[in-house]
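The values are calculated or read from the model by the stated rules, or taken from the named source; none is laboratory data. As the structure is a computational prediction, the values presented were derived from the model and not from experiment. Glycine gets a Cβ as well: all are built from the backbone with ideal geometry, and neighbour counts include every protein chain shown. In case anyone asks, the SASA skips ligands and DNA or RNA and just uses the protein heavy atoms, side chains included. Shrake-Rupley method; radii C 1.70, N 1.55, O 1.52, S 1.80 Å.
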Amino acid sequence: MTAQITDSHCHLDFPDFEGELDDVIARAAEAGVTRMVTICTKLRQEPQVRAIAEKYAPVFYAAGTHPMSAADEPLVSVEELVKLAAHPKFVGIGESGLDYHYTADSAEIQKQSLLAHIEAARQTGLPLIIHARAADEDMAQILSSEYVNGAYSCVMHCYCSGPELAKACVDLGFYLSMSGIATFKKSQEVRDIFAATPVDRVLVETDAPYLAPTPYRGKRNEPAYTAHTAQVGAEVFGMDYADFAAQTQSNFERLFTKAVLKSEAA
């Protein structure tokens, strides 16, 4: 029996999957991927993302404004996010965060947007989903200072930032999510950061359609390929695949509690 895992972050509404979702989700199930969280990155697209979660039992969703879009989209409000979170399959807030790699000129609006997402995570009790790139110092400062103002839960999706930010997040009780990047030959630093992270704080994801793991690097990613990332994760922690998969399932269920409650009620 194939070990069960969860793709904790993908983008099933993207054009890459148009007309193929039945097959994509069937292949995920064959690979042991029994749950997926599809992420809405612009709130105006929330209806389409919600429709996917409503159509497919294994799919849950989250919504927010991606930091790279923060300057081009209306500034999100706490009230908007809290209202969306009432949907039974809405299980997380984001993705939000900071990205100074391509969009450093919008840093201030990114910070405003991030603060709204953090407050929505507090009010709803749902986990915050963070994208962080080339902004480690500001990211650690904001997440830490805001946690002092009121606790919230969080996952650092597709973690490939530095060890200092990783430690700051783990110290706050947050989770790090491993993507296909961890399978790349030149990603030893990323693997080392995960190896230094408590295994009960690790999730796995695809970020599909991006970042396909080895051996599919350069091709379209899809939820079924979570299994390849989880295999590398098992190797990083020196665990059997089934044991690592079970650990990540437990971690996901501890963080995304609403997904568990919805599954049990189905």
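Per this entry, ALA120 is not counted among residues that are out of contact with any Leu (no Cβ under 8 Å at 6 or more places or on another chain) and either of a type in the set (A, V, I, L, M, F, W, C) or at pLDDT below 95 (or both).
Condition test on GLU79, is it closer than 23 Å to GLU253 by Cβ, among the acidic types (Asp, Glu) and open to solvent by 10 Å² or more (accessible area, probe 1.4 Å)? Against the criterion (closer than 23 Å to GLU253 by Cβ, among the acidic types (Asp, Glu) and open to solvent by 10 Å² or more (accessible area, probe 1.4 Å)), GLU79 does not qualify. Quick one: how many residues across region 57-76 are hydrophobic (A, V, I, L, M, F, W, C) and open to solvent by 70 Å² or more (accessible area, probe 1.4 Å)? Counting residues in region 57-76 that are hydrophobic (A, V, I, L, M, F, W, C) and open to solvent by 70 Å² or more (accessible area, probe 1.4 Å) gives 2.
Summed over region 211-221, residues that are touching a Pro at 6+ places or on another chain (Cβ under 7 Å) and buried (at least 21 other Cβ atoms within 10 Å of the Cβ) total 1. The set of residues in region 225-260 that are in contact with a helix residue (DSSP H, G or I) (Cβ under 6 Å, 6 or more places away or on another chain), within 30 Å of ALA151 (Cβ to Cβ) and β-branched (Val, Ile, Thr) comprises THR229, VAL236, VAL260.
When ALA195, ALA234, ALA265 are screened for being modelled with pLDDT of 95 or more and either in contact with a strand residue (DSSP E or B) (Cβ under 9 Å, 6 or more places away or on another chain) or surrounded by fewer than 18 Cβ atoms within 10 Å (Cβ to Cβ) (or both), only ALA195 passes.
Look at region 102-129 and say how many of its residues are farther than 18 Å from PHE252 by Cα and under 17 Å from the mean Cα position of the chain (by Cα).
Summing the residues that are farther than 18 Å from PHE252 by Cα and under 17 Å from the mean Cα position of the chain (by Cα) in region 102-129 gives 4.
Restricted to region 148-159, and to residues there that are crowded, with 18+ Cβ neighbours inside 10 Å and of a type outside the set (Gly, Ala, Ser), the residue that is farthest from the chain's Cα centre (by Cα) is TYR152.
Considering only region 127-147, state which residues are under 20 Å from LYS42 (Cβ atoms) and open to solvent by 10 Å² or more (accessible area, probe 1.4 Å). Within region 127-147, HIS131, ALA132, ARG133 meet the criteria. In region 1-22, the residues that are exposed (fewer than 15 other Cβ atoms within 10 Å of the Cβ) form Cβ pairs under 9 Å with partners that are hydroxyl-bearing (Ser, Thr, Tyr), at six or more places apart or across chains, as follows: ASP22/TYR56.
In contact (Cβ under 8 Å) with a residue 60 or more places away in the chain, among the aliphatic types (A, V, I, L, M) and buried (at least 19 other Cβ atoms within 10 Å of the Cβ): does that describe VAL91? Let's see the steps before the verdict.
Numbers: in contact (Cβ under 8 Å) with a residue 60 or more places away in the chain: yes; among the aliphatic types (A, V, I, L, M): yes; buried (at least 19 other Cβ atoms within 10 Å of the Cβ): yes.
Considered against the rule, which asks whether it is in contact (Cβ under 8 Å) with a residue 60 or more places away in the chain, among the aliphatic types (A, V, I, L, M) and buried (at least 19 other Cβ atoms within 10 Å of the Cβ), VAL91 comes out as yes.
Only one of these is hydrophobic (A, V, I, L, M, F, W, C), open to solvent by 10 Å² or more (accessible area, probe 1.4 Å) and at negative phi: ALA208, ALA242. Name it. Spell out the reasoning first.
Details: ALA208 fails: open to solvent by 10 Å² or more (accessible area, probe 1.4 Å).
Answer to the selection: ALA242.
Annotation note: Cβ proximity below 9 Å between a residue of region 108-129 that is on the phi > 0 side of the Ramachandran plot and a residue that is buried (at least 17 other Cβ atoms within 10 Å of the Cβ) and not in a loop (DSSP other than H, G, I, E, B) (sequence gap 6+ or interchain) occurs for GLY125/LYS258.
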